[in-house]
1. Within region 102-147, can you find the residues that are of a type in the set (S, T, N, Q) and part of a strand (DSSP E or B)?
2. Could you please give the count of residues in region 31-56 that are β-branched (Val, Ile, Thr), loosely packed, with under 15 Cβ neighbours inside 10 Å and assigned to a helix (DSSP H, G or I)?
3. Name the residue, out of 28, 82, that is within 12 Å of the chain's Cα centre (by Cα), surrounded by 13 or more Cβ atoms within 10 Å (Cβ to Cβ) and in contact (Cβ under 8 Å) with a residue 60 or more places away in the chain.
4. Could you check, for region 57-79, whether at least one of its residues is surrounded by 15 or more Cβ atoms within 10 Å (Cβ to Cβ), in a helix (DSSP H, G or I) and either of a type in the set (S, T, N, Q) or modelled with pLDDT of 80 or more (or both)?
5. Step by step: first the residues of region 80-101, then only those that are hydroxyl-bearing (Ser, Thr, Tyr) and not in a strand (DSSP E or B), then the one that is farthest from residue 42 (Cα to Cα). Which residue is that?
6. Taking the criterion of being surrounded by 13 or more Cβ atoms within 10 Å (Cβ to Cβ) and at pLDDT 95 or above, would at least one residue in region 92-114 satisfy it?
7. Do you know which of the residues in region 86-115 that are of a type in the set (D, E, K, R) and over 22 Å from residue 48 (Cβ atoms) is nearest to the chain's Cα centre (by Cα)?
Amino acid sequence: MKITTNVTDLIDLGPIDDDKLIKIINAELAYFEEQLVDEITALKVVDTGNLRDNHKVIEAKKTGEIIKGQVTVNSSYAVYNEYGTGIYTELGNGRRTGWVYPCYIDGKFTFRYTKGMQPRPFFRNTINKNKGKIIDDIQKKVGEVITND
C-alpha cells in the first residue's frame, strides 16, 4: 500500500548538504515507522500480526532534484483495513451486496456472511497525527545543521 505525502513545500530547507538532509529525513522516517506500529496496535488492526509486522523504511535518496524516502506496509490486505470494504468502503467502489466467505472459528471450518468492513485508517491517522511534528523536527534539525556549518 502506498500513500504519498509531500513535505517539501512546507519546509524551508535553506542551504544544506544533501547527505545531511537525507540523514535527517531517514531519522524522521524511522520515527514515523514506530508511530505506525503504535497506531496499528491502538486501532486493534492486529489479528495475526502480519499487518503490524510487515512494514519497512525505504531510506531516502536523491534522484535529480528530489529526495524521496518511504515507509511501506507490505501486506496484501492493508488497503482493505485502511479504506474499508463492501458497503463501507471510502473509495466508493465496494460491493453493494453482502457475501459469504470461508473461515475458521475456534478451529472449526465455517462460513460467514458480511456486508464489508468499516475503514480503520491506520496509515492516514499516523500521517495526520505526526506530520506537523515531523515537519517541525526536520525544520529544526536543518536549522541546526545550517547554523553549525
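1. 110, 114
2. Final tally of qualifying residues: 1.
3. Result of the check over 28, 82: 82.
4. yes
5. Ranking the qualifying residues of region 80-101, first place goes to 97.
6. The answer is yes; a qualifying residue exists.
7. Here the answer is 90.
The values are calculated or read from the model by the stated rules, or taken from the named source; none is laboratory data. On a predicted model such as this, the values are computed, not experimentally measured, just so you know. FYI the Cβ positions are ideal-geometry reconstructions off the backbone, even for glycines, and counts take in every protein chain you see.
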